[in-house]
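Below is one structure, written out as structure tokens; comments come after it.
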Amino acid sequence: MKKFSYLLSFAFMFLLVACHPIPDVSGHEFGFEALKKGWQDVSITLSSENKDSVSVEDFLKAFNDEWKIQPADSILAHIEKAKQSPDSTVFTDAGYVSIADNAISLNNETETEINIGSLESAVLPRSNNHQLFYVFVSQPADSIVESVICFYDFNPATSTLTPEENPVSQFRPSWKSSSLFASSSPDNGIFLYESLPYSGMVAFIHYFEYDGNKYDFFYTEMGGMIHLYEQYTKEVGDWKDFTHYALGDINDDGIPEVFISEEEQIDESAIFIISDGELKPLIAVAKALGINPADAKRLKLEWHAMRPLSGDEIGEESFWEEEYLDISELPSTAQRMDNFFQTALFFNVEEETPDAKIVSIWLADERSGTVSKLCVTNPSAKPRWEELATKKEGVEVGVNEIAVAEQGWLFPGDCSKIIVQGCPDARNIWTYLIDTEAQTVMQLPGSEGVQGFDSQKEEIHIADYGYYPKGGRYSVVKAYSLEGKYLRDLTEPISN
């Protein structure tokens, strides 16, 4: 199952267009707050004449007619343009609008002119010939992100969407001031990301699987653990199978500490606390605060099971050999190239000659306040054009064989995939895929650069050119998987 790197963040930095409820003569109010309070009480009837071929767009239109949610307004205003785009995605002033066969979304993946939140929606078949329609709406509110998660059963016989509760919509954050964000893929399940209200905290990822009729809770795990893993193995010893977690405010400062243990218990010798981004024994934390470790029992902690992560899964051997630094160590000259919530990609020019620039590539977790230097470009690295032409898929290269980095992106929804490119020969654009999870670097086919991404289908779209047998050049946009494999042509050849 694809993980999303656990590098989660919620950086909404621009103007918030508030969604205040608007009175409605039909009996309920409009807007985000009204939706949050009453979606489960309102059924929705679709006006589509063809009940057998209702699309996700039809569902979203009916939903928005009922609730008038600003992210849905933005999607529907740009949906036709997204359909006509080669990658079914269009960038708007509010973010990326994407459409697939059974899903539509608005993602605030980069800095945008306005911030009205995000929305994901999808339709899945059910075993009783009905359909399941869900909508996730997330909106910034003060220092956190609030989410509403709505599920509906669609009965084609009555053309009605009936609200229904399930483990996803009933989920509540572990701490009242946590941010909650939902991400989904009809094929890969639903992830609820929970971020606690201070920057030194890892995230919880709650995963739900679809059984053909409904989503059931599968497991919880902690994300962003590599820094804690490295600290623990260095200072304590072999990594343990931590199977339970609990939240409590041991020093009464209003900020929760995370207790993790191998068992569902309070045992000061076995419990560790994550506080300010550091993993510390309960005894040490209590001593520093002048608290008796046994006083932790007064918190009456509610323990939750979580899937233990092995050292291999967390990253026992770092391909990059990166050192996790305080974010203040990021060079002041570094330029932000892209961000996905609180994960950010930076380039820094280390050296510049008349012929080339040497650029360092940095990945920052602004939630935990850490940054790592992934690699430095090597202007003398050679392209793999002949091998690329033969294989028609990405060619693995060394981390020291990235020749150029002039543009860079985090793949939407999966910050372990970093795409960088540049034009070092004044002719061709060289594109590289850095996968920090698989610990690989690939040069990708294509010589005219990235044209876009499809987060639903997990595709990178790159333009390439070729030559007609009788002379003349053409361009074509091609889709590649996140493993660098060619999938299909997205456009017919366009003569240059």
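The values are calculated or read from the model by the stated rules, or taken from the named source; none is laboratory data. Given the structure is predicted, the values throughout are model-derived calculations rather than measurements. Please note: Cβ atoms are built from the backbone with ideal geometry, for glycine as well, and neighbour counts cover all protein chains shown.
What the table shows:
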| read-out | value |
| --- | --- |
| Candidate set: the range 168-197, residues that are closer than 22 Å to Thr370 by Cα and crowded, with 18+ Cβ neighbours inside 10 Å; chosen: the one modelled with the highest pLDDT | Glu194 |
| Every pair of residues 6+ apart whose Cβ atoms lie under 9 Å, when the first sits in the range 124-151 and is in the same structural domain as Ala62 (by TED's automatic domain parsing) and farther than 16 Å from Ala103 by Cα while the second is among the polar types (S, T, N, Q) and modelled with pLDDT of 90 or more | His130/Asn155 |
| Test: residue in the range 208-221 that is at pLDDT below 75 and within 30 Å of Leu119 (Cβ to Cβ) | no |
| Criterion (under 23 Å from Gly413 (Cβ atoms), out of contact with any Asp or Glu (no Cβ under 7 Å at 6 or more places or on another chain) and of a type outside the set (D, E, K, R)) met by exactly one of Gly398, Gly394 | Gly394 |
| Residues satisfying the stated conditions in the range 371-382, i.e. modelled with pLDDT under 85 and crowded, with 18+ Cβ neighbours inside 10 Å | Ala381 |
| Residue that is farthest from Lys357 (Cα to Cα), among those in the range 407-443 that are buried (at least 23 other Cβ atoms within 10 Å of the Cβ) and touching a Pro at 6+ places or on another chain (Cβ under 9 Å) | Gln443 |
| Selection from the range 224-254 of residues that are at pLDDT below 80 and within 25 Å of the chain's Cα centre (by Cα) | Gly224, Met225, Ile226, His227, Leu228, Tyr229, Glu230 |
| Residue identified as under 21 Å from Ile462 (Cβ atoms) and under 23 Å from the mean Cα position of the chain (by Cα) among Ile429, Ile434, Ile402 | Ile434 |
| Tally of residues being free of Cβ contacts under 8 Å to residues at least 24 places away in the same chain and surrounded by fewer than 16 Cβ atoms within 10 Å (Cβ to Cβ) across the range 354-370 | 1 |
| Any hit, the range 416-429, residues being under 21 Å from Phe347 (Cβ atoms), modelled with pLDDT of 85 or more and small (Gly, Ala, Ser) | yes |
